[in-house]
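Worksheet for the structure shown next.
The values are calculated or read from the model by the stated rules, or taken from the named source; none is laboratory data. Being a predicted model, the structure only gives us computed values, none of them experimental. Methodologically, a virtual Cβ is constructed for each residue, glycine included, from the backbone with ideal geometry; neighbour enumeration extends over all protein chains shown. These area figures cover heavy atoms from the full protein model, side chains too; ligands, DNA and RNA do not enter into them. Shrake-Rupley method; radii C 1.70, N 1.55, O 1.52, S 1.80 Å.
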Amino acid sequence: PHRRWGAVTYRSSAASSLITAALLAWAAATPSFAQVELEVLPAQGNVFMIVGPGGNTTVQIGHEAVVVVDTQTTAASDDLLAAIGKLSSKPIRYIINTSADLEHTGGNEAVSRAGTYVRLIDTFDPRGSRSDAAIIAHVNVLERMSSPTGTQAPRAAGAWPSDTYFTEGWELFVNGEALQLIHVPTAHTDGDTIVFFRRSDVIATGDIYNTSRYPRFDSEKGGSVAGVIEGLNRVLDLAIPGENQEGGTVVIPGHGRLSDETEVANYRDMLTIVRDRIAAMIAAGMTLEQVQRAKPTSDYDGVYDEPNGWTAAMFVAAVYRDLSGGSR
């Protein structure tokens, strides 16, 4: 929680010393991200959620190996590996990236290096002598992290996906469980992947779904509001609620708390309503400034506005520019 210290004048030097000591003690007791132990929460079946400064990491454990979905930030790599080690002593075999975002791929190199790749029984292995854990993502993620045009790559080669797919989806079978990787084009970005753990009945959504902020999509990286809605609908196609629309399929968002089908449906409905409101304002000839003053998100801001991050105004501007083709 944020603390705010009021402006107070102290006349006594002794009182001032006491306040200074209290402030120093409070600062020493307030941990930084580097000191915070990541929170590990059971999701369902063999799947766990690890909460950290870069959002959520999904981990599947079992008798064979460990599967990791998203690797947090670079600074959190050691803490993430320590948290995974507490869940299982088996080697990390697969890393899956839901997008190319740094907050979800920053630990790729360290986590991959700590893992072990099971070599193909074949006369030719495209990996050569590489034995690190495989990093799997849609091919668009590789293109954004590497340098297909020969210019300086934005990310180190060790963090790049080693295994990519370019179809509508991909499948793995690990620890006696089928994993479906589903590509959602033009959503948060153009390389988004939803991961469905079928036996455990858990879905990792990446940043298509967030319980703590409005959806963030990047048009320069192929994202769109329509694509995010489509991605949420894909999650709803997979998710089955339990009794009275509670429980059932567990959904792990890119950021925020564990969710179920109803919460994803509410988020989808919110985004659809806001999209339609802004579309009507654009059709009425309103400028971006006029739309922002009208506050089309006002009834949702208490839940999803992120004052020190992705604000409601930023979200409205992104939707406005997406629907209006980038014009103001």
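Go through segment 202-222 and give me each residue that's outside any strand (DSSP E or B) and not hydroxyl-bearing (Ser, Thr, Tyr). Give the steps one after another, and end with the answer.
Within segment 202-222, the subset outside any strand (DSSP E or B) is 211-222.
Once the filter is applied, which keeps residues that are outside any strand (DSSP E or B) and not hydroxyl-bearing (Ser, Thr, Tyr), segment 202-222 yields Arg213, Pro215, Arg216, Phe217, Asp218, Glu220, Lys221, Gly222.
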Inset, instruction - Of the numbered conditions (1) open to solvent by less than 50 Å² (accessible area, probe 1.4 Å); (2) more than 23 Å from Asn233 (Cβ to Cβ); (3) of a type in the set (Asp, Glu), Asp260 fails exactly one; give the number of that condition. - result: (2)
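Among the residues of segment 180-201, write down those that are part of a loop (DSSP other than H, G, I, E, B) and touching a residue at least 40 places away in the same chain (Cβ under 8 Å). Spell out how you get there, then give the answer.
At the first step, the residues of segment 180-201 found to be part of a loop (DSSP other than H, G, I, E, B) are 185-191, 198-201.
If the condition is that a residue be part of a loop (DSSP other than H, G, I, E, B) and touching a residue at least 40 places away in the same chain (Cβ under 8 Å), then Pro185, Thr186, Ala187, His188, Thr189, Asp190, Gly191, Arg199, Ser200, Asp201 are the ones that fit.
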Legend entry - Residues of segment 41-58 that turn out to be within 11 Å of Leu87 (Cα to Cα) and open to solvent by 10 Å² or more (accessible area, probe 1.4 Å), as a count: 4
Inset, instruction - Give the number of residues within segment 140-179 that are closer than 11 Å to Gly191 by Cβ and either open to solvent by less than 40 Å² (accessible area, probe 1.4 Å) or part of a strand (DSSP E or B) (or both). - result: 6
Inset, instruction - Considering each of Ala204, Ala187, Ala178 in turn, give the residue that is over 14 Å from Val68 (Cα atoms) and under 15 Å from the mean Cα position of the chain (by Cα). - result: Ala187
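Quick check on segment 272-280. Is at least one of its residues modelled with pLDDT of 95 or more, surrounded by 13 or more Cβ atoms within 10 Å (Cβ to Cβ) and assigned to a loop (DSSP other than H, G, I, E, B)? Outline the logic, then answer.
In the first step, residues of segment 272-280 are kept if they are modelled with pLDDT of 95 or more; the result is 272-280.
Next, only the ones that are surrounded by 13 or more Cβ atoms within 10 Å (Cβ to Cβ) stay: 272-275, 277-279.
Remaining after also requiring assigned to a loop (DSSP other than H, G, I, E, B): none.
Within segment 272-280, not a single residue is modelled with pLDDT of 95 or more, surrounded by 13 or more Cβ atoms within 10 Å (Cβ to Cβ) and assigned to a loop (DSSP other than H, G, I, E, B).
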Inset, instruction - Exactly one condition in (1) at pLDDT 95 or above; (2) open to solvent by 30 Å² or more (accessible area, probe 1.4 Å) is not met by Arg328; state its number. - result: (1)
Inset, instruction - Go through segment 97-111 and count every residue that is in contact with a helix residue (DSSP H, G or I) (Cβ under 6 Å, 6 or more places away or on another chain), part of a helix (DSSP H, G or I) and either surrounded by fewer than 24 Cβ atoms within 10 Å (Cβ to Cβ) or of a type in the set (Lys, Arg) (or both). - result: 2
Inset, instruction - Could you check, for segment 290-301, whether at least one of its residues is in contact with a strand residue (DSSP E or B) (Cβ under 8 Å, 6 or more places away or on another chain) and part of a helix (DSSP H, G or I)? - result: no
